[in-house]
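Derivation of every value follows stated rules applied to the coordinates shown; laboratory data play no part. Note that the coordinates shown come from a computational prediction; the quantities given were computed from them, not determined experimentally. Glycine gets a Cβ as well: all are built from the backbone with ideal geometry, and neighbour counts include every protein chain shown.
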Amino acid sequence: MTKLGSDVASTTEEGAVSTAVLDREFFQWRAHARVDKFYAWQEAEALLIMEETGRSDLGNVLKERFTPYETVESEGNLLTRLGKKRLIDRFVETASNVGIKTTTGRIGTGNSSTAAADTDTDLIAAAGSANRQFQMLDSAPTVGTGASSGVGTFVSTFGTGVGNYAWQEWGIDGGTAAGTTVTADTNTTPGLINRKVTSLGTKTSAASWVFTVTITIT
């Protein structure tokens, strides 16, 4: 969880500094990660269903039709400086206001356990598909309404052929295609907006993992 706040001190007419806090507001960014793990044969059947129905959201099909052999969940992450800037850019509608969406949205995982810092602009895992992978979102992120207006959900699927290493870190960026390198922060593509170091298990080519991230802002 990233918590941002500001305390404002006051001065009296005599010039003495008051210890009273005039304003104290907190912005909370909370992320919940869930990895549903499926067997390769379940992925194969899901792909057949997709071919028959014309669907393209593999992760949702897997979750709808099959029971995962394991589910791992993790709370929290660190909102990077790039992530903070992107939120403000979206709020004030600057030129750099493209957000995380179907065509510019990915979840990435890597095998580095180096502690996260808000200055991170990439996963820390070494280069190459044996250490890291970014997967495009399966479909458009969902956004809550009403009391859940501050909730967004993002889903990426790592099929049998990708992401086969120990998952020790994850993050979201604005890439336009699956790959192993992070996307640089530009007007049209968000950089790495968050990073979390946590052990989610070791994936192999015998499995297909569906990564769901739920971000709540309060």
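Values for this structure:
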item: Stretch gain in nm, segment Thr181-Arg81, where the contour uses 0.36 nm per residue and the Cα spacing is subtracted; result: 34.1 nm
item: Sequence of Arg65, Arg90 once ranked by neighbouring C-beta atoms within 10 Å, starting from the fewest; result: Arg65, Arg90
item: The range 139-218 and the range 30-71: distance between their alpha carbon centers, rounded to Å; result: 15
item: Approximate spin-label separation Ala44-Thr218, in nm, with each point projected 7 Å along Cα-to-Cβ; result: 4.5
item: Shape of the chain, Cα gyration tensor, a/c cut at 1.5; result: prolate
item: Thr119-Glu93 FRET efficiency (beta carbon distance; Förster radius 22 Å; 0.05 resolution); result: 0.25
item: Lysines with Cα under 19 Å of Lys203, excluding same-chain neighbours fewer than 8 positions away; result: Lys37, Lys63
item: In degrees, nearest ten, helix 40-53 long axis to first principal axis of the chain (Cα); result: 90
item: Extension reserve of the Glu52-Ser149 stretch, reckoned as 0.36 nm per residue once the Cα distance is removed; result: 31.5 nm
item: Global form of the range 143-209, assessed from the alpha-carbon gyration tensor, a/c cut-off 1.5; result: oblate
item: Label-point gap, in nm, between Thr71 and Thr142 - each point 7 angstrom along Cα→Cβ; result: 1.3
item: Residue exposure sequence - Val92, Val213, Val35 - by fewest surrounding Cβ within 10 Å; result: Val92, Val35, Val213
item: Angle in degrees between helix 81-92 and the longest Cα principal axis of the chain, rounded to the nearest 10; result: 80
